[in-house]
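Undergrad: First the structure, which I've put down as structure tokens, then a few questions once you've had a look.
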Amino acid sequence: MFYTVPEKDFGLKILNSLRCGILSIDRENKITAINEIAIRILELENLDYVGADVREVLKNQEFFLQLLNGAYQMKNLPSRAEMEIRVREGASRTVGYTISFIKGEDGEIAGISIFFKDLTLVEQLNEQEKLKDRLAALGQMAAGLAHEIRNPLAAIELTASLIKRKLIDHPNHTTQLESIQSEVRKLNKIVTDCLEFVRPVKISQEKVNLVSLLDESILIALSTVDKKEIRLKKNFLSTPPVPVDYNQMKQVVVNILVNALQALSEHGSIEISCGPSSCYHRNASYGNKKSTDMNLGRQISLSSYAWIKVADNGQGIPEDLLSKIFYPFFTTKEKGSGIGLAIAQKIVESHHGSMDVESEPGVGTTFTIKLPL
């Protein structure tokens, strides 16, 4: 709705159909026109502001008012410029705008109109692209550093091994050399993990039966962790074949299952399920858990997808750690590298999917993977 004229005015119907905010004022700083999009962007109450003093209506938008007041003294009015405005709860919003003079019948300037559009999402996407570029550069640097570190590590381990042979009759010295070799192997494992994380994910998709993939993943995970009393429940719904890289997605599921098994007591239980989007229920299997969407701020829209859930009733993850579990090299385990979940998330994202985790200490944890069909 446009607030100044009847709807029968075809010209203003056109203005009202534009996808940008429109605000106009006269020489007395009175609002002469404002549309709904302008009200929405500026987060004003949904009132009729025509005739109101713009300085009172926009009293919290100091820069916006300065812009309008200063426009009368400008020879070249801003066109396709940008500014930041403050909205509720202290947040900011990026706005693109163009200012024009409104002339009266005598040709004199009678007021000002400003056309503006919310560019916040565009700015966020630009920042994400810049972040991707920076991460790619960081990955190349890390790969180069890893290569340079590996060579001297190999030389240290070889030298320690040769010295150990010569000192075979001196067990005290050989024990110290074995300690050096052990630490070198640990360092080499860290370097290998670093390389694994920064290496670009290359997927080879094929139509995969999720039940077969999950069954194989369960067998591998159970053979890795020795816990005989664990109760495992399967709930596999009929799901269309999913286009994924079989081995990489298996790696993701195995990693999540191994983490779940390690988090359980001797008599814990795990439920693994899958199904199509039409049968998806967000509620986790074990209690009301805290949830976080682990997609680095990225919103993923999956209209038709398959989902996989792995829910355990283990010790759960504290809320202050929940947002960190996908960080590379972050781990709460004594012997964990902290790289498994980071790589798992990277693989899921390379399939244009999403990963979500819900957890509550003492109740359990649920991982949910969604993959587009």
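The values are calculated or read from the model by the stated rules, or taken from the named source; none is laboratory data. Since this is a predicted model, take the numbers as computed values, not measurements. No Cβ is skipped: glycine too gets one built from the backbone with ideal geometry, and neighbour counts run over all protein chains shown. Only protein heavy atoms, including side chains, enter the accessible area calculation; ligands, DNA and RNA are left aside. Shrake-Rupley method; radii C 1.70, N 1.55, O 1.52, S 1.80 Å.
Undergrad: Taking the stretch 31-56 only, how many residues are out of contact with any Asp or Glu (no Cβ under 9 Å at 6 or more places or on another chain), assigned to a helix (DSSP H, G or I) and under 20 Å from Thr94 (Cα atoms)?
TA: Adding up the residues that qualify gives 2.
Undergrad: Of all residues in the stretch 8-30 being of a type in the set (Lys, Arg), modelled with pLDDT under 90 and part of a loop (DSSP other than H, G, I, E, B), which is most open to solvent (accessible area, probe 1.4 Å)?
TA: Among residues in the stretch 8-30 that are of a type in the set (Lys, Arg), modelled with pLDDT under 90 and part of a loop (DSSP other than H, G, I, E, B), the one most open to solvent (accessible area, probe 1.4 Å) is Arg19.
Undergrad: If Glu43 satisfies every condition in (1) among the charged types (D, E, K, R); (2) open to solvent by less than 80 Å² (accessible area, probe 1.4 Å); (3) more than 34 Å from the chain's Cα centre (by Cα); (4) at pLDDT 80 or above but one, which is the exception?
TA: The number of the failed condition is (3).
Undergrad: Separate question: Is at least one residue of the stretch 84-92 free of Cβ contacts under 8 Å to residues at least 12 places away in the same chain, farther than 20 Å from Glu28 by Cβ and part of a helix (DSSP H, G or I)?
TA: Within the stretch 84-92 (the criterion being free of Cβ contacts under 8 Å to residues at least 12 places away in the same chain, farther than 20 Å from Glu28 by Cβ and part of a helix (DSSP H, G or I)), the answer is yes, since at least one residue qualifies.
Undergrad: Still on this structure, I have one more. Based on this model, can you work out whether Pro152 counts as closer than 27 Å to Ala342 by Cβ and either open to solvent by less than 90 Å² (accessible area, probe 1.4 Å) or touching a residue at least 40 places away in the same chain (Cβ under 8 Å) (or both)?
TA: Yes; evaluated as a whole, the condition is true for this residue.
Undergrad: Please verify whether the stretch 252-266 includes one or more residues that are surrounded by fewer than 17 Cβ atoms within 10 Å (Cβ to Cβ), without any contact (Cβ under 8 Å) to a residue 40 or more places away in the chain and in contact with a strand residue (DSSP E or B) (Cβ under 8 Å, 6 or more places away or on another chain).
TA: Taking every residue of the stretch 252-266 in turn, none turns out to be surrounded by fewer than 17 Cβ atoms within 10 Å (Cβ to Cβ), without any contact (Cβ under 8 Å) to a residue 40 or more places away in the chain and in contact with a strand residue (DSSP E or B) (Cβ under 8 Å, 6 or more places away or on another chain).
Undergrad: Of the numbered conditions (1) within 19 Å of Leu119 (Cα to Cα); (2) of a type in the set (Ser, Thr, Tyr); (3) modelled with pLDDT under 85, Tyr97 fails exactly one; give the number of that condition.
TA: Here Tyr97 meets the rest and fails (3).
Undergrad: Given the residues Asp193, Asp226, Asp245, Asp215, which is the only one that is over 30 Å from Met141 (Cβ atoms) and surrounded by 13 or more Cβ atoms within 10 Å (Cβ to Cβ)?
TA: Result of the check over Asp193, Asp226, Asp245, Asp215: Asp215.
Undergrad: Please enumerate the residues belonging to the stretch 52-80 that are within 16 Å of Ile22 (Cβ to Cβ) and open to solvent by 20 Å² or more (accessible area, probe 1.4 Å).
TA: Correct list: Ala52, Val57, Leu77, Pro78, Ser79, Arg80.
Undergrad: In the stretch 328-364, what residues are at pLDDT 80 or above, closer than 25 Å to Asp193 by Cα and either in contact with a His (Cβ under 7 Å, 6 or more places away or on another chain) or not in a helix (DSSP H, G or I) (or both)?
TA: Matches in the stretch 328-364: His351, His352, Gly353, Ser354, Met355, Asp356, Val357.
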